[in-house]
Amino acid sequence: MSFSKEEKKIQKSPAKRFLFILGLGMFALYFALGVAIIFWKDFPINLDFGYRVAFALLLIIYSFIRFVRLLRS
């Protein structure tokens, strides 16, 4: 992904900057939640370990999809 010199000089508006920070926060939240579900021994929802890992991996994959979409915009 290459930007021209003009695109690099343009500063993001405060709204775009806020949405970028919010997107990074949501990426971190989904990723941390996925990792926490995998390693949490006494998970409050009664799930088998295989289903718990599958749900956590789904959250982690979704977080990376959000992160890639964030970088493209």
Answer with yes or no whether Gly25 is of a type in the set (Gly, Ala, Ser) and closer than 25 Å to Lys12 by Cα.
yes
Has the range 3-16 got any residue that is modelled with pLDDT under 90, under 23 Å from Ser73 (Cα atoms) and open to solvent by less than 60 Å² (accessible area, probe 1.4 Å)?
yes
Among (1) touching a Lys or Arg at 6+ places or on another chain (Cβ under 9 Å); (2) modelled with pLDDT of 85 or more; (3) assigned to a loop (DSSP other than H, G, I, E, B), there is one condition Phe20 misses while meeting the rest; what is its number?
(3)
If I ask for residues that are open to solvent by 60 Å² or more (accessible area, probe 1.4 Å) and closer than 28 Å to Arg72 by Cα, which ones from the range 25-47 would you list?
Leu29, Phe31, Leu33
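The values are calculated or read from the model by the stated rules, or taken from the named source; none is laboratory data. Note that the structure is predicted; figures quoted are calculated from it, not measured. Here Cβ is always computed from backbone atoms with ideal geometry, including for glycine, and neighbour counts include all displayed protein chains. With ligands, DNA and RNA removed, areas are computed over all heavy atoms of the protein, side chains included. Shrake-Rupley method; radii C 1.70, N 1.55, O 1.52, S 1.80 Å.
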